[in-house]
Amino acid sequence: SACRSLSLSGRHRRISDVIMPMRLAFGIVFMCLVSFAFLNHRHALWMAVNLCKLVPGIVGPQSPCFQLNSEPDGRTAYALLRVRPSRTHFILTPLTLVSGVEASELKGTMGADIWRSAWETRKQVSTFANSLSPDFIGVAVNSRNARSQDLLHFHIYCIRLGVLRHMGALRKMAR
């Protein structure tokens, strides 16, 4: 009856009224823990990835855990984290502990898989960034001496206009 459906919709509304603030609270706690950890710990990013795996409810576009891809067509599983407050800065990292770009694990298919995933994620970032062309999104990895985290991670981010111009000039010189 109409009354029954009305009470059910009210019930669902009340449940969602509870779940949404809980997701927000988890997100705030997550950001605070990660912020504190980033200041003090070389494995803070790994801790954040594990928190994303443990609490799937905090994964989504409004969360620092933007996406958790645990079964990407037989390829290497990864987490995609959004760096706040930017709409275009993301970090992609494997769901297995890999120390950095120099790790021996990357010499096999895992290396090709994770690089391909990072490169392909540019399209997703460009869509999230109001349809910015993927040509304006770059992928960068810090060397062993330039990083603060002992975890392989790819920065997927907008390329500065000056860098794009320089790359265009180099492309013309190479022709």
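Taking all protein chains as they are arranged and a probe of 1.4 Å, the heavy atoms of Ser131 leave approximately 100 Å² accessible to solvent. If R0 is taken as 22 Å, the Cβ-Cβ distance between Trp119 and Leu97 corresponds to a FRET efficiency of 0.50. Note on His89 and His41: the extension gain reaches 15.2 nm, defined as 0.36 nm multiplied by sequence separation minus the Cα-Cα distance. Put Thr96, Thr88 in order of accessible area, highest first, and with a 1.4 Å probe you get Thr96, Thr88. Under 5 Å between amide hydrogens, built in the peptide plane, is the criterion, and for Ser99 it picks out Leu152 among residues at least 5 positions away or on other chains. With each label point set 7 Å from Cα along the Cα-Cβ vector, what nm distance links Leu54 and Asp150? A separation of 1.9 nm, rounded to one decimal place.
When the residues Lys123, Lys53, Lys107, Lys172 are ordered by accessible surface, computed with a 1.4 Å probe over the protein chains alone, the sequence from largest down reads Lys107, Lys172, Lys123, Lys53.
Ordered from largest to smallest accessible area (heavy atoms of protein chains, 1.4 Å probe), the residues Met167, Met173 come out as Met173, Met167.
Within the straight-line cut-off of under 27 Å between alpha carbons, the lysines reachable from Lys172 are Lys123, sequence neighbours fewer than 8 places apart in one chain being disregarded. Heavy atoms of the protein chains alone define the surface here; on that basis the stretch 93-175 has 61 Å² accessible area per residue at 1.4 Å probe size.
The values are calculated or read from the model by the stated rules, or taken from the named source; none is laboratory data. Since we're looking at a predicted model, the values are computed, not measured. Positions of Cβ are backbone-derived with ideal geometry, glycine not excepted, and every protein chain shown enters the neighbour counts. Heavy atoms of the whole protein, side chains included, go into the accessibility calculation; ligands, DNA and RNA do not. Shrake-Rupley method; radii C 1.70, N 1.55, O 1.52, S 1.80 Å.
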